[in-house]
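The values are calculated or read from the model by the stated rules, or taken from the named source; none is laboratory data. Note that the structure is a prediction, hence the values are computed from the model and not measured. Cβ coordinates were reconstructed from backbone atoms using ideal geometry, including for glycine residues, and neighbour counts include every protein chain displayed. We work out accessible area using only protein heavy atoms, side chains counted, and drop any ligands, DNA or RNA first. Shrake-Rupley method; radii C 1.70, N 1.55, O 1.52, S 1.80 Å.
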Number of protein chains: 4
Amino acid sequence: VHIGLIGLGKMGFNMRERMRNGGIEVTGFDRNPEVADVGSIDELIAALPTPRLVWVMVPAGDITDAVIGELGEKLSAGDMVIDGGNSRFTEDQKHGAFLASKDVRFADCGVSGGVWGLQNGYGLMAGGSDEDIELALPVFDALRPEGERADSFVHVGGVGAGHYAKMVHNGIEYGLMQAYAEGYELLAAKDIIKDLPGTFRAWQKGTVVRSWLLDLMVKALDEDPGLASIGDYVEDSGEGRWTVEEAIANAVPAPAITAALFARFSSREDSSPAMKMVSALRNQFGGHATRPAK
Amino acid sequence: VHIGLIGLGKMGFNMRERMRNGGIEVTGFDRNPEVADVGSIDELIAALPTPRLVWVMVPAGDITDAVIGELGEKLSAGDMVIDGGNSRFTEDQKHGAFLASKDVRFADCGVSGGVWGLQNGYGLMAGGSDEDIELALPVFDALRPEGERADSFVHVGGVGAGHYAKMVHNGIEYGLMQAYAEGYELLAAKDIIKDLPGTFRAWQKGTVVRSWLLDLMVKALDEDPGLASIGDYVEDSGEGRWTVEEAIANAVPAPAITAALFARFSSREDSSPAMKMVSALRNQFGGHATRPAK
Amino acid sequence: VHIGLIGLGKMGFNMRERMRNGGIEVTGFDRNPEVADVGSIDELIAALPTPRLVWVMVPAGDITDAVIGELGEKLSAGDMVIDGGNSRFTEDQKHGAFLASKDVRFADCGVSGGVWGLQNGYGLMAGGSDEDIELALPVFDALRPEGERADSFVHVGGVGAGHYAKMVHNGIEYGLMQAYAEGYELLAAKDIIKDLPGTFRAWQKGTVVRSWLLDLMVKALDEDPGLASIGDYVEDSGEGRWTVEEAIANAVPAPAITAALFARFSSREDSSPAMKMVSALRNQFGGHATRPAK
Amino acid sequence: VHIGLIGLGKMGFNMRERMRNGGIEVTGFDRNPEVADVGSIDELIAALPTPRLVWVMVPAGDITDAVIGELGEKLSAGDMVIDGGNSRFTEDQKHGAFLASKDVRFADCGVSGGVWGLQNGYGLMAGGSDEDIELALPVFDALRPEGERADSFVHVGGVGAGHYAKMVHNGIEYGLMQAYAEGYELLAAKDIIKDLPGTFRAWQKGTVVRSWLLDLMVKALDEDPGLASIGDYVEDSGEGRWTVEEAIANAVPAPAITAALFARFSSREDSSPAMKMVSALRNQFGGHATRPAK
């Protein structure tokens, strides 16, 4: 199998290596010539055998739109595009319809595993037709961890279903991280706890809360036991928001995941207009002193 | 009616004046001689006709404990104590039993209205026996707003019930303030909103969200339209915490009130250990940059 | 002033009456001939003096879209449309641009007050140009409560700003109702509370939590002291969802308002898939018994 | 090493077996004679070499109190008691002081691992003096999984610190389960998801959300793919509540963990008084229909 891979950033770069380690021939393109195998999407298309298979691994939104638009114009009938980035599932349906109008196949694939995927393999959630997913199986098999396919790969449903599952996966991830983080703070707040990093470390085997995220927390605490060097400003990157929006759209209560999202929003506020108002109100009705603005 | 009033702070001072305006004779004691009518609790007791009626209006906790302890030792059988402070309802049951052992009557009374109570009258929630509450009705009538008694006074139940109702009242107050404050921030965040103070002002009459708290927000925005001078640091004072603890004890879901309490906790953190951990984790699995600690 | 009013449902019917009481001539149209003054939009247009003023008061979404679409085709340059329904603010910008392409003016107006507005007057939040809002002032003045205009009417900003403010108003309303409701349940859960309806009643004057919503709760408890006849199934109608979506879009933490929305979602679930999973998990790791499905 | 073990229920029974498999001699007592090795605590004490080591594994609260009280009266100076149950950490400090007054040593140990601990080993969090913990190390080593001690055992701090850490562990567990469960419901709500159990299964390797709890969910879905047989009623058992109470006591915002607790409370309500009130209110102000009570 010979695949084209567009986007060789933090994720794509490692994925190319893992694909190659798995025996897949990969021609990679990136705007950064230092990591690219070819100089343009045209060259990439020219380098691939037909029917072509092109994996898109670029930032969700406008850039993915542009790349898929260009591929739709330049690929041939029977070629196939896989969007492995973090596109919103509703985009997939748009992209799939556009490519179908050109007789180009389309599948979406949520990819989890972060910077550890090269070494561990990636968890994969794919959406598309049976036939199209079948076609790309060798690539999925190269990317995923060894062992049974069903433990790390799923064909979730039609186009968009893979990214929907990945979105929910990331929403869960927000909730898991928030739960651990609240526990961390509860331990940090209590002076009877003499060995906080050791407590997280001892949870790694045997406890109900053991997980890969826990292992990473142990690693983070090993590097910086009090997290003294790390700021409390936390970005969010789309999937958490979309998960809550889907909760709303489907009338699903999702209080823990939403709490995680809102905690990130709060972490980024230099000053909270809401809490200024609460302070102003307490002053108005109770004469409670306010603090001066920072 | 001649009553003794112990505690002439922000609340008690105004309450003495409102009682007097309502035709009640009041002898007030406070550790601050500038506001006190007598120099000691002994003098206060000596000044009152028997059976004596003593209203305690001091900070909840140790100080209320000490004052009620002293009254228990010094009052006579048939006298009556009313705790009008913000004691936890579980304390009332303890205080009531102690005073009963001395044949001294006891009632608790939650008092709402803040610094505006002098002018507007206070909302009152009383706990105690029918006979004891009956005895104190003239005082309750002086303190409450004019109009029908039932619109501003309630005999909630036995000893402790008044403070339980006041605790819930304050828990609700936390939730109301948080809801308005979130709305304020949502308006402040949107550049299409050209007249934020005017919007709050226009909600005062006719809308579903009109309330006394809204009127106070309008006042606060009138004084400082952008709340520029007010910090976003918000204290909490007991009842909010107790309300959530009662929610837990009674298995009552109370997510909005609890959100309000947690927002205050967050407002007081210079740095959030939890969010440091979330940031550290994102760095571990995704290579996402962390910010340096402040 | 002579205005056309399209939509004579629960809100529009009462608004026509209040406008007329305020000296405005109103020609009303509704698909229900029993309440309509004319038989069609064409007749309504024919009945109005130019430049015409038409107030649209129909359900948000497709119906509002259709009515505004029809008006755009049939009105003349210089006429003006006001959308007083609960449209999402993003719709206003679309409607405004469409009507502008026909040289028809457009303003949006959030209307609060529910079924009591006829008697009390409505709180109004308008969006549009200074000139257009000025034009409609006599109608706003007829609809709003008596007293100072600024206490019940605000020109929030350009087209869409009125509905944005109304959306936030309704989001706050969700939060306020939830806070009171949690407090209600906390009182109901405690057997020391002997007079729950009386407690709400006594909060109406003097307390910090007094509000119009509180007055309505007193009324509801007066009609049915234990709410025995009322189910716990609660609908939501758009603005609550949009408020949380705007919180997400603007990175504003809104935990109390969101808690209120999720509580409604939960209230409508016959069975919670999420809690089935939690139960299944507890069984898996701890051997805790599950309950059979309902 | 020869240890006495009091309490041979779901946890204790398995722990006795694992201790024995690890070469520890165990004399077990339980009120259930079918599982007990001896007929009374007296016999258990008589069977142990001095200084004695007794592990208490009975339900937290009154029963633990009674057992520790009896041991305090019957053990000799220099003997040691370990409370391995789910006592609240504040109880440990009381029990430790009581036993110290008898010159009996005391340590507390949080034990995680559920019904899988026999096979996998238990995660252990101990509180006590260095000397006392040292003494019990062979028992901890038998109970914990193989491998490095620090990966499954921690000496958290003085008496009570072990149970505090276990409480936080369980609080985190609540949050993790809720996050996964919300994700489960979001997948279940979406018809484009054609293979929900397969999606959870495919998360087991390679993804960021992989964990032991995830493995158990896969197992649960394997047994009952739609969880059709499982009710949505979820108990809570103390530690979740205590975690939120500690969040309050230490002013730590813990919204995700608290959301998990409240979701359990809601799951157990046949009817929600709070949502009845919200429904009643919507009827009052907007004329929205209510549903009849169930």
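When chain C is modelled as a GNM with alpha-carbon springs shorter than 10 Å, which of C:193, C:257, C:82 fluctuates the most?
C:193
Hey, got the dipole for region A:116-245? About the Cα centre, +1 on K and R Cβ, -1 on D and E Cβ, debye to the nearest 20? Let's see the in-between values first.
Numbers: 10 positive and 22 negative charges, 94 e Å.
Using only the charged Cβ atoms, the result is roughly 460 debye.
Please label the shape of region B:168-289 as rounded, prolate or oblate, based on the square roots a ≥ b ≥ c of the eigenvalues of the alpha-carbon gyration tensor (a/c under 1.5 means rounded; beyond that, a/b larger than b/c means prolate, else oblate).
oblate
How far, in nm to one decimal, is residue B:226 from itself in the other copies if the label point is set 7 angstrom along Cα toward Cβ? Shortest first, please.
3.7, 5.6, 5.8
Could you list log10 I(q)/I(0) for chain C at q = 0.07, 0.13, 0.14 Å⁻¹, which the Debye formula gives when each Cα is one point scatterer?
Scattering profile of chain C, log10 relative to I(0): -0.35, -0.98, -1.08.
Nearest 5 is fine: what % of DSSP beta bridges in the protein assembly as shown come out antiparallel, could you say?
25 percent
Would you mind counting up the charge near residue B:89? Only other residues with Cβ under 12 Å from its Cβ, with Lys and Arg at +1 and Asp and Glu at -1.
Numbers: positive: B:88, B:94, B:166, C:190; negative: B:83, B:91, B:92, B:108, B:239, B:245, B:246.
Local net charge: -3.
How large a share of the accessible area of region C:145-294, in percent, is made up of carbon and sulfur atoms when the probe is 1.4 Å and the other protein chains stay in place? Let's see the in-between values first.
On the way: 2030 of 4350 Å².
The value for region C:145-294 is 47 percent carbon and sulfur by accessible area.
Relative to the Cα centre, what is the charge dipole magnitude of region A:95-164, using +1 at the beta carbon of each Lys and Arg, -1 at the beta carbon of each Asp and Glu, and rounding to the nearest 20 debye?
Taking the Cα centre of region A:95-164 as origin, the dipole is about 240 debye.
Taking every DSSP beta bridge with both residues inside chain D, roughly what % is antiparallel (nearest 5)?
Looking only at bridges with both residues in chain D, the antiparallel portion is about 20 percent.
When Cβ neighbours within 10 Å are restricted to other protein chains, what is their mean count per residue of peptide C:160-168?
Rounded to a whole number, the mean comes out at 5.
Suppose accessible area is computed on protein heavy atoms with a 1.4 Å probe; arrange A:159, A:139 from highest to lowest.
Ranking A:159, A:139 by accessible area, largest first, yields A:159, A:139.
Picking from C:168, C:26, C:35, which is most flexible by a Gaussian network model of chain C using Cα springs under 10 Å?
C:35
In units of 2.2 N^0.38 Å, what is the alpha-carbon radius of gyration of region D:12-118? Show your work: numbers first, answer last.
On the way: Rg = 13.4 Å, N = 107, 2.2 N^0.38 = 13.0 Å.
Taking the Cα Rg and dividing by 2.2 N^0.38 Å, one obtains 1.03.
Output the relative contact order of chain A, whole-number percent, from Cα pairs under 8 angstrom with separation of 6+ residues. Please report the intermediate quantities before stating the final value.
Working: 435 pairs, mean separation 37.0, N = 294.
13 percent.
So, with +1 on the Cβ of K and R and -1 on the Cβ of D and E, and no other charges, what is the size of the charge dipole of the protein assembly as shown about its Cα centre, to the nearest 20 debye?
Numbers: 108 positive and 168 negative charges, 0 e Å.
With only Lys, Arg, Asp and Glu charged at Cβ, the dipole is about 0 debye.
Can you work out ³J(HN,Hα) from phi for every residue in region A:155-160, in order, using Karplus 6.51 cos²θ - 1.76 cosθ + 1.60 and θ = phi - 60°, giving whole Hz and x for Gly and Pro?
Residue by residue, region A:155-160 yields 8, 6, x, x, 3, x Hz.
Distance check, please: which entries in A:10/A:166; A:219/C:276; A:94/C:102; C:276/D:219; C:74/C:166 exceed 22 angstrom between their Cα atoms?
Details: A:10/A:166 18 Å; A:219/C:276 34 Å; A:94/C:102 32 Å; C:276/D:219 14 Å; C:74/C:166 29 Å.
A:219/C:276; A:94/C:102; C:74/C:166, as the Cα separations exceed 22 Å there.
Determine the shielding of peptide D:217-225 by partner chains: average, over its residues, the number of Cβ atoms on other chains within 10 angstrom of each Cβ.
On the way: counts 4, 3, 4, 8, 2, 0, 3, 4, 0.
Neighbouring Cβ atoms belonging to other protein chains average 3 per residue here.
Along Cα-to-Cβ, 7 Å out, sits the label point; list in nm, shortest first, how far the one on residue C:61 is from those in the other copies.
Spacings between copies for this position, smallest first, are 3.0, 4.8, 5.2 nm.
Just counting partner chain Cβ atoms within 10 Å, what average do the residues of peptide A:288-294 show around their Cβ? Don't skip to the end; give the middle numbers.
Numbers: counts 6, 1, 10, 8, 4, 9, 3.
Other-chain Cβ atoms within 10 Å of each residue's Cβ, averaged: 6.
Count the net charge of all other residues whose Cβ sits under 13 Å from the Cβ of residue A:39, scoring Lys and Arg as +1 and Asp and Glu as -1.
Working: positive: A:31; negative: A:30, A:34, A:37, A:42, A:43.
Combined, the nearby Lys, Arg, Asp and Glu give -4.
Can you tally the net charge around residue D:102? Count Lys and Arg as +1, Asp and Glu as -1, for every other residue whose Cβ sits under 13 Å from the Cβ of residue D:102.
Here the count lands on -1.
Tell me which of B:266, B:225, B:240 sits at the most positive position along the dipole axis of region B:210-270, charges placed on C-beta atoms (Lys, Arg +1; Asp, Glu -1).
B:240
Shortest first and in nm to one decimal, what separations exist between residue C:21 and its copies in the other chains, measuring from label points 7 Å along the Cα-to-beta-carbon line?
The answer, with the shortest distance listed first, is 3.4, 7.7, 7.9 nm.
Would you be so kind as to list the residues of region A:254-280 that have their accessible area lowered by at least 50 Å² in the full protein complex compared with their chain by itself (1.4 Å probe)?
A:255, A:256, A:262, A:265, A:273, A:274, A:275, A:276, A:277, A:278
Obtain the nm distance between the two label points defined at residue C:43 and residue B:115 by a simple spin-label model: each point lies 7 Å from its Cα along the Cα-to-C-beta direction.
Distance between the two pseudo-spin positions: 6.1 nm.
Taking 1 over the mean of 1/r across every pair of different Cα atoms in the protein assembly as shown, what Kirkwood radius in Å do you get?
Here the Kirkwood hydrodynamic radius works out to 32.8 Å.
Would you mind getting the Kirkwood hydrodynamic radius of region A:83-239 from its Cα pairs, rounded to one decimal in Å?
Working: mean 1/r = 0.0560 Å⁻¹.
The Cα-based Kirkwood calculation yields 17.9 Å.
Once a ≥ b ≥ c are taken as the square roots of the eigenvalues of the Cα gyration tensor of region A:1-42, is the result rounded (a/c under 1.5), prolate (a/b larger than b/c) or oblate (a/b not larger than b/c)?
It comes out oblate by the Cα gyration axes.
Considering the dipole of region A:130-285 built from charges on the beta carbon (Lys and Arg +1, Asp and Glu -1) around the Cα centre, which of A:275, A:152, A:207 is farthest to its positive end?
Working it through, the farthest residue towards the positive pole turns out to be A:275.
Which of these, A:276, A:219, A:166, has the largest mean-square fluctuation under a Gaussian network model of chain A (Cα springs below 10 Å)?
A:276
Rounded if a/c is under 1.5, else prolate if a/b beats b/c, else oblate: with a ≥ b ≥ c from the C-alpha gyration tensor eigenvalues square-rooted, which is region A:103-192?
Numbers: a/c = 3.89, a/b = 2.25, b/c = 1.73.
In terms of gyration-tensor shape, prolate.
Using +1 at the Cβ of each Lys and Arg and -1 at the Cβ of each Asp and Glu in chain A, identify which of A:64, A:179, A:26 lies farthest towards the dipole's positive end.
Most positive-ward Cα: A:179.
Can you show me the helix-derived [θ] at 222 nm for chain A, built from DSSP H runs with n ≥ 4 at -39,500 (n - 2.57) apiece and divided by the number of residues, rounded to the nearest 500.
The helix contribution divided over chain A gives -15500 deg cm²/dmol.
Explain nothing, just the number: relative contact order of region C:83-211, from Cα pairs under 8 Å at least 6 residues apart, as a whole percent.
24 percent
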